[in-house]
Amino acid sequence: MNLTRRGFTTALAGGIAAPAVIRTAFAQGATVKIGMVVPMTGAAAESGSFAQTGAKIALEAVNKAGGVLGKPLELIFEDDQTTNPGAVLAFSKLASQPDIVAFIGSIRSTQMHAMAPDMLKIGKPVGFGGTDPNLTKLGNPWLFRFRPNDSYSGKVIAQFGAKELGKKKWAIVHSTDAFGTAGGKALADALPDNGATLALDQGYANQSQDFTPVVLAVRQSGADILGTYFTFETDLGIFARQLRQLGVNIPWVGSPSIVNISALKLAGPALYNTYGVADYAEDSSEASKAFGKAYRDVRKVAPDNQSSWTFDAVTCLAMAMNKAGSTEPEKVRQAMIAIRGHKGAEGEYNFDKNGDGLHGYNIVKNDKGDIKFDKRIDFTPNLG
């Protein structure tokens with residue numbers, strides 16, 4: 001049975017089938033394998049477990065709806081150790097297995113840049129979550145992004161902070177990796193169009209232990225609003241606590257890491273009343289709500305974008321294979337590019353020629369630890 005959009009939605013709404021039930025639904029034999037690079041150790045191990053859960057929920061729904069080309073879908077995980085070299089090694093281990101027909105890459109742009117040459121060489125579809133806009137401008141036809149890129153987040157942060165909050169003098173704090181540099185630039189570039197100016201552009205090194213110099217630079221800049229791009233939730237948690245301890249209480253609008261579960265737990269009240277652009281917001285659509293319910297049933301906590309994009313990536317790759325009637329890479333690639341109007345957990349997918357599936361963000365607010373949906377802002381893509 002092919003996996004149709006209706007069949008998938010029905011499978012999800014009906015709950016997640018137990019593994020024993022899934023095994024009996026298929027004849028003994030080969031599976032269709034997707035390899036996934038994911039942090040199982042290191043600073044991002046917790047968020048990696050969320051990513052695995054999202055992918056597994058999709059896996060169960062796909063198999064309950066009939067699998068891929070009449071065969072059960074299987075996920076193969078490799079640990080990226082939360083490092084670039086670890087990600088490259090993890091991908092090489094997966095790529096060496098010829099029966100793996102597609103891959104799930106990283107949510108971190110710096111790791112995606114490290115793996116991208118090998119991904120181009122292997123020539124099979126890769127779903128990923130890194131938001132550096134440059135990743136889909138590398139001339140690599142195999143990369144498909146399952147989160148909006150930061151050319152959109154910069155526009156939305158600037159527009160919301162300047163026009164909705166009425167703040168015009170910005171301090172931007174960002175990691176110095178590919179993600180943070182690109183995101184910070186996108187935000188800075190969007191300020192003039194919103195009548196705002198840049199008071200501070202401050203970079204920092206990932207996995208820092210003390211952000212005091214960065215906080216002091218923000219305080220001394222005279223900025224009346226803060227915009228941030230943090231790669232790791234642990235860094236954001238430390239920064240948030242030190243920001244408040246040193247008396248900086250200006251409005252803060254952050255990239256999606258500001259509403260990730262790990263950051264919320266680490267920072268606690270230090271993130272109260274902050275805003276974020278969130279690619280996943282549970283109340284933003286019926287599909288988002290359905291995923292939220294399925295995730296809560298498994299993890300007993302609210303989901304965030306660590307899990308929603310992997311859920312959508314597995315779902316869309318399975319859809320594309322069934323639509324193509326094949327796991328042959330080029331046929332799957334063409335079917336991915338042709339996806340239009342698919343309502344996923346993160347939003348509505350319409351893939352453009354570069355492999356970007358989403359073209360907007362949600363605005364959310366931290367209301368004493370509860371992340372509340374405000375509005376969705378989408379831009380019209382050039383599907384080419």
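The values are calculated or read from the model by the stated rules, or taken from the named source; none is laboratory data. The model shown is predicted, which means the values in this text are computed figures rather than measured ones. Cβ coordinates were reconstructed from backbone atoms using ideal geometry, including for glycine residues, and neighbour counts include every protein chain displayed. Just the protein is used for accessible areas: all its heavy atoms, side chains included, with ligands, DNA and RNA removed. Shrake-Rupley method; radii C 1.70, N 1.55, O 1.52, S 1.80 Å.
Take residue 128 and tell me if it is over 16 Å from residue 87 (Cα atoms) and modelled with pLDDT of 95 or more.
Considered against the rule, which asks whether it is over 16 Å from residue 87 (Cα atoms) and modelled with pLDDT of 95 or more, residue 128 comes out as no.
May I ask you to list the residues in region 336-384 that are over 18 Å from residue 158 (Cα atoms), among the charged types (D, E, K, R) and under 18 Å from the mean Cα position of the chain (by Cα)?
Passing the criteria: 343, 346, 348, 352, 356.
Could you please give the count of residues in region 259-291 that are within 16 Å of the chain's Cα centre (by Cα) and under 26 Å from residue 235 (Cα atoms)?
Total meeting the criteria: 12.
Checking residue 109 against (1) open to solvent by 40 Å² or more (accessible area, probe 1.4 Å); (2) within 23 Å of residue 339 (Cβ to Cβ); (3) at pLDDT below 95, only one condition comes out false. Which one?
All conditions are met except number (1).
Please count how many residues of region 296-323 are surrounded by fewer than 24 Cβ atoms within 10 Å (Cβ to Cβ) and among the acidic types (Asp, Glu).
The qualifying residues number 1.
Go through the residues of region 324-335 one by one and say whether even a single one is in contact (Cβ under 8 Å) with a residue 40 or more places away in the chain, farther than 24 Å from residue 56 by Cβ and surrounded by 19 or more Cβ atoms within 10 Å (Cβ to Cβ).
So far as region 324-335 goes, yes, one or more of its residues are in contact (Cβ under 8 Å) with a residue 40 or more places away in the chain, farther than 24 Å from residue 56 by Cβ and surrounded by 19 or more Cβ atoms within 10 Å (Cβ to Cβ).
If you go through region 117-125 one residue at a time, do you hit one that is crowded, with 24+ Cβ neighbours inside 10 Å and in contact (Cβ under 8 Å) with a residue 40 or more places away in the chain?
Yes, that holds for at least one residue.
For the list (1) modelled with pLDDT of 95 or more; (2) part of a loop (DSSP other than H, G, I, E, B), I need the number of the one condition that residue 383 fails.
Going through (1) modelled with pLDDT of 95 or more; (2) part of a loop (DSSP other than H, G, I, E, B) one by one, residue 383 breaks only (1).
Tally the residues that are more than 18 Å from residue 198 (Cα to Cα) and open to solvent by 30 Å² or more (accessible area, probe 1.4 Å), restricting the search to region 137-151.
Residues meeting the conditions: 5.
When you scan region 201-216, how many residues do you find that are surrounded by 15 or more Cβ atoms within 10 Å (Cβ to Cβ) and either of a type in the set (Ser, Thr, Tyr) or under 22 Å from residue 190 (Cα atoms) (or both)?
Qualifying residue count, region 201-216: 5.
Listed here are the residues, each with its yes/no results for (1) within 26 Å of the chain's Cα centre (by Cα); (2) over 30 Å from residue 122 (Cα atoms).
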{"residue": "159", "(1), (2)": "yes, yes"}
{"residue": "172", "(1), (2)": "yes, yes"}
{"residue": "182", "(1), (2)": "yes, no"}
{"residue": "197", "(1), (2)": "no, yes"}
{"residue": "201", "(1), (2)": "yes, yes"}
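Determine if region 7-25 includes at least one residue that is open to solvent by 10 Å² or more (accessible area, probe 1.4 Å), aromatic (Phe, Trp, Tyr), at pLDDT below 95 and under 18 Å from residue 127 (Cβ atoms).
Scanning region 7-25, I find at least one residue that is open to solvent by 10 Å² or more (accessible area, probe 1.4 Å), aromatic (Phe, Trp, Tyr), at pLDDT below 95 and under 18 Å from residue 127 (Cβ atoms), so the answer is yes.
Those residues that are surrounded by fewer than 19 Cβ atoms within 10 Å (Cβ to Cβ) and in contact (Cβ under 8 Å) with a residue 40 or more places away in the chain, I need them from region 222-245; list them, please.
Within region 222-245, 222, 224 meet the criteria.
For region 39-55, indicate whether the set of residues that are more than 21 Å from the chain's Cα centre (by Cα) and open to solvent by 50 Å² or more (accessible area, probe 1.4 Å) is non-empty.
There is no residue in region 39-55 that is more than 21 Å from the chain's Cα centre (by Cα) and open to solvent by 50 Å² or more (accessible area, probe 1.4 Å).
Of all residues in region 161-189, which are in a helix (DSSP H, G or I) and either assigned by TED's automatic domain parsing to the domain that holds residue 319 or open to solvent by 10 Å² or more (accessible area, probe 1.4 Å) (or both)?
163, 164, 178, 179, 181, 182, 185, 186, 188, 189
Would you check which residues across region 349-362 are modelled with pLDDT under 95 and not in a loop (DSSP other than H, G, I, E, B) and list them?
360, 361, 362
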